[in-house]
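Some notes on the structure that comes next.
The values are calculated or read from the model by the stated rules, or taken from the named source; none is laboratory data. Being a predicted model, the structure only gives us computed values, none of them experimental. Reconstructed Cβ throughout: ideal geometry from the backbone, glycine too, with neighbour counts over all protein chains shown.
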Amino acid sequence: MKKEEVMEQLNAFIDEKKQKLQEIIKIFFDIKYLRIEKNEVIISFQETLAEVMYEVSSRYNVLCMEFPDCDEKEYYKNMMKGLIYQSKAIGDGYAWLFYRKNIEAIREHLKHEDNGLFPTRNGGIGEIEFIRKNKIFEGCFVIYHSITSILRNGDFSLITADGDLVGIGEIKTKQTENELLIDVYITQRIIPYDHEVERIAIDDERIWERLRKQLEQQENIFKVQSIELKLQMDLAYVYHLIEESVDKEKAVVSDDCSMIVFVVDIENENAQSKYSPETISDDIISLTPSILNDSFINNKIIQSKLTVDERLWELPLIWWDLPEHVLMNILLEKWLVFTWFNEDYLLNELRKKGFEINRKKKYISIEKTICNKKVGIDDLSMYVKMATTGLVEVKSVVDTIEKSIDCSMKKYKELNMNCTGQENFH
């Protein structure tokens, strides 16, 4: 087959999978906003997503083996990798619905190596067959790890109807003469099997009631975000800058002059000229003085890109409180969101609150004295990330830092009183 014909087939394949992912994201939004008409859609979702990922990963392997090395080959490899990453961003959102009570478990997963693209051949077939036939296993929901980027240890998790993590398992597939044999092992039991937890069955109508209840609890989760220490607070965002940049077809500056946002609209009919590297560079250079302040000790600008696998305090991008069409365009990488944030705006606001700033080689720490005690944060990186890719207003980031420290102080006082029988925190 001629190279041109192969490329035509690859273009058609990629377009088809892009369309399928768009349909899957719409289904996820229906789940997210409780618009589903058939309850089974929730529990069959990961099977649908896994089938698309298997097809893309299999085609990727064929491309690597059979297509001659050239620039076009690298282009198509990157396109297919992009489809897998987009799929995993969707899968992360699905997993979060079940895993959200187990944040520490997610962090343990993230310590492991990334699980790659997606299993192919017999391994992939066996895993998909298992989740197709075992949506409920040992009375728990089966959450398939390969459709996610955040669940890396093992092949699947078992989650109770109340959202408790029971165990982690592995799936092994063996080829015999006439069939595939699928063996399943529970490699980690977080809750012993004989422990008293409510078991459910696939035909139990209470499944849907429980799932809907969990979805209702997700509503507005990012407006009143639970950050680290069960800290309930309202966060303010600059999400509107994304659409403003798209509408104006250029970079825009936040009201507090701390950030520049530039969104590249890939599907704009004049995208190549409007978003050439030279055009973007000129636009940013012209606006950079707007986010500089002569009164600051430094003016450190952090450039970032909002990627499809972005998480803020482990909450996947697909759960953020952005308009559906904005999320859709970002997840499908039709809109590429870039930010330039002046870190010293945040540090200056913290100085106003009485914090001392300590710049280390790789990170920044802050501290101040409260009631004759030094309190602070050793590494400010996660809070800086709130402002850069998280698009949280600087004022809200500062409020979050203060409330986090306040919460830690209260916890310290409680522990101190429990140990000594009296309060020693002065």
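Observations on the model:
- Of all residues making up segment 371-387, the number that are crowded, with 21+ Cβ neighbours inside 10 Å and either of a type in the set (Gly, Ala, Ser) or assigned to a loop (DSSP other than H, G, I, E, B) (or both): 2
- The combined condition, being farther than 24 Å from Val62 by Cβ and at pLDDT 95 or above, is not fulfilled by Leu110.
- Any chance Lys362 is in a loop (DSSP other than H, G, I, E, B) and among the basic types (Lys, Arg): yes
- Residue check, Phe262 in the same structural domain as Lys248 (by TED's automatic domain parsing), more than 30 Å from Leu97 (Cα to Cα) and without any contact (Cβ under 8 Å) to a residue 60 or more places away in the chain: no
- Taken over segment 339-370, the residue count meeting the criterion of being surrounded by 15 or more Cβ atoms within 10 Å (Cβ to Cβ) and farther than 17 Å from Ser404 by Cβ is 9.
- Residue match in segment 406-414 (condition: more than 26 Å from Val253 (Cα to Cα), in contact (Cβ under 8 Å) with a residue 12 or more places away in the chain and among the hydroxyl-bearing types (Ser, Thr, Tyr)): yes
- Leu241, sole failed condition from (1) of a type outside the set (Ser, Thr, Tyr); (2) surrounded by 14 or more Cβ atoms within 10 Å (Cβ to Cβ); (3) in contact with a Leu (Cβ under 7 Å, 6 or more places away or on another chain); (4) modelled with pLDDT of 85 or more: (3)
- Among the criteria (1) part of a helix (DSSP H, G or I); (2) under 19 Å from Met1 (Cα atoms); (3) in contact with a Lys or Arg (Cβ under 8 Å, 6 or more places away or on another chain), the one Asn61 does not fulfil is (3).
- Of all residues in segment 257-292 being assigned to a loop (DSSP other than H, G, I, E, B) and modelled with pLDDT under 95, the one that is surrounded by the most Cβ atoms within 10 Å (Cβ to Cβ): Tyr275
- Residue count for segment 162-176 satisfying the condition of being part of a loop (DSSP other than H, G, I, E, B) and modelled with pLDDT of 95 or more: 0.
- Selection from segment 118-130 of residues that are outside any helix (DSSP H, G or I) and buried (at least 21 other Cβ atoms within 10 Å of the Cβ): Phe118, Pro119
- Each residue in segment 153-179 was checked for being of a type outside the set (Val, Ile, Thr) and surrounded by fewer than 18 Cβ atoms within 10 Å (Cβ to Cβ), and 10 of them qualify.
- Any hit, segment 64-72, residues being closer than 23 Å to Pro316 by Cα, assigned by TED's automatic domain parsing to the domain that holds Gly123, in a helix (DSSP H, G or I) and at pLDDT below 95: no
- Among the residues here, Asp30 qualifies as surrounded by fewer than 19 Cβ atoms within 10 Å (Cβ to Cβ) and in a helix (DSSP H, G or I).
- Inside segment 33-52, residues that are under 24 Å from the mean Cα position of the chain (by Cα) and either assigned to a helix (DSSP H, G or I) or not assigned by TED's automatic domain parsing to the domain that holds Cys140 (or both) make up a count of 12.
- Condition check for Glu55: surrounded by 14 or more Cβ atoms within 10 Å (Cβ to Cβ), touching a residue at least 60 places away in the same chain (Cβ under 8 Å) and either part of a helix (DSSP H, G or I) or out of contact with any Cys (no Cβ under 8 Å at 6 or more places or on another chain) (or both): no
- Test: residue in segment 311-319 that is surrounded by fewer than 19 Cβ atoms within 10 Å (Cβ to Cβ), in contact (Cβ under 8 Å) with a residue 12 or more places away in the chain and outside any loop (DSSP other than H, G, I, E, B): no
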